[in-house]
Amino acid sequence: MSDMWTTFDDYIDALKAIAEPTRLRLVRLCAHGELTVSELMRIVGQSQPRVSRHLKLLQDAGVLESFREQHWVFYRVHPDPARQPLIQAILNQIPEDDAQIQLDQSRLDELRQARAKLSEGFVETEVPDWLRLHEYHGDPKRFQAAVVAALSGRPVGHLLDIATGTGRMLKIAGPLADSGVGIDLSKKMVAVARSALAEAGLAHLSVRQEDMYQMRFPARSFDTVTIDQVLYFASSPDALIREATRVLKVGGRLLLVAFTEAQGAKHPPPVSIPMAEIRRFVEEAGLRITTANVLPGERLDISLLVSEKTKDKA
């Protein structure tokens with residue numbers, strides 16, 4: 001089947017694929033987020049060959065999509081907005097008080113709780129210093145409102161969040177997007193973000209392990225790209241912005257969030273980057289700056305810079 005459902009037969013094939021008890025259960029589960037074959041096996045209580053066969057039929061029909069992450073393959077409902085009405089209409093008819101559905105949901109909840117416990121342990125023991133940077137954001141509602149305002153006025157469309165960390169930006173911008181992906185080089189941080197998205201009910205978003213300097217996405221894949229507090233820690237921030245520009249569609253927007261020194265601040269934390277440098281990186285990548293907003297802080301300001309890709313750089 002092609003990447004898009006374009007014919008009457010495409011829809012018939014999708015309906016045929018879903019119209020089987022186990023496959024309907026699998027679609028319902030994958031509509032809640034990304035799950036591996038082994039996780040789906042534990043939930044539906046069937047063997048790996050049988051579950052894999054069902055998943056292949058659903059993927060061939062364009063109902064599910066998959067992606068590889070090291071040794072694991074994750075499955076989720078296909079994010080194409082054109083497919084969502086049909087799939088969701090079918091799922092909405094499933095009686096939630098059915099004994100089998102309740103058992104599936106109970107096992108899915110247990111799996112999510114186990115994921116969350118692992119994620120919490122990792123965050124508490126291995127990234128506490130990084131998380132302390134969030135205190136410089138001040139009021140989280142103010143920061144969230146600033147991000148939403150920066151992205152307002154046009155559809156967010158297909159979203160990419162680079163170096164997503166705990167998934168904080170995805171949780172803010174994700175509800176505005178039709179679909180989206182967060183990437184991070186750390187396998188553990190990907191697990192943390194995946195758990196956070198599941199808890200927030202953002203099943204239309206995905207998280208993948210990727211090198212932010214050499215992403216596997218084709219050029220011009222995303223309508224909106226966000227980079228939240230990454231530039232200072234990046235070994236090559238200019239290369240990062242160039243790579244973000246590569247995967248951005250013409251007419252798409254890049255939102256950069258960075259700490260900048262507060263005016264008159266004494267001994268600011270060494271995590272800021274001069275705004276002049278950020279502007280230079282953006283302009284050298286061929287982007288046009290459209291808006292800039294600064295949220296004042298006592299020791300650090302938070303700068304939000306929105307740029308547009310007006311054409312592909314020669």
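Read the figures in this text as sums done on the coordinates, not as results from a lab. Not measured: the values here are computed from a predicted model. Cβ sites come from the backbone with ideal geometry, for glycine too, and all protein chains shown count toward neighbours.
The fraction of all Cα pairs in region 1-83 landing in successive 10 Å bins from 0 to the largest distance is 18, 54, 24, 3, given as whole percents.
Only Lys, Arg, Asp and Glu carry charge here, each on its Cβ (+1 for the first two, -1 for the last two); on that basis region 8-112 has a dipole of about 320 debye about its Cα centre. For the chain, the 222 nm mean residue ellipticity estimated from helices alone, with every DSSP H stretch of n ≥ 4 adding -39500 (n - 2.57) and the total spread over all residues, rounds to -13000 deg cm²/dmol.
What the phi angles of region 51-59 give under the Karplus curve with 6.51, -1.76 and 1.60, with θ = phi - 60°, is a coupling list of 5, 4, 5, 4, 5, 5, 4, 5, 6 Hz, glycine and proline written as x. Computed on the Cα atoms alone, the convex hull of region 130-309 gives a volume of 106 cubic angstrom per residue. For the chain, lysine pairs with C-alpha atoms less than 24 angstrom apart, excluding pairs fewer than eight positions apart on the same chain, total 11. Note on the chain: GNM, Cα springs under 10 Å; of K187, K171, K141, the largest mean-square fluctuation is that of K141. Close amide H contacts of S221 (hydrogens built in the peptide plane, cut-off under 5 Å, sequence separation of 5 or more or a different chain): L248, K249. Available extension along the chain between E284 and R53 is 78.3 nm, counting 0.36 nm per residue and deducting the alpha carbon span. Remark: region 195-200, residue by residue, has Karplus-estimated 3J(HN,Hα) of 5, 5, 5, 5, 5, 7 Hz, where x stands for each Gly or Pro and the curve is 6.51 cos²θ - 1.76 cosθ + 1.60 at θ = phi - 60°.
Proximity of backbone amide H atoms, modeled 1.01 Å from N, is registered between G252 and K309 at under 5 Å, excluding neighbours fewer than 5 places apart on the same chain. The H on the amide N of V73, modeled in the peptide plane, is under 5 Å from the matching H of V37, each at least 5 residues off or on a different chain. With only Cα atoms counted, the chain has Rg and Dmax values of 21.0, 67 Å. Please give the residues of region 200-228, grouped as numeric ranges, whose backbone N is less than 17 Å from a label point set 7 Å along the Cα-to-Cβ vector of V250. The answer is 219-224.
Working from Cα pairs under 8 Å separated by at least six residues, relative contact order for the chain is 13 percent.
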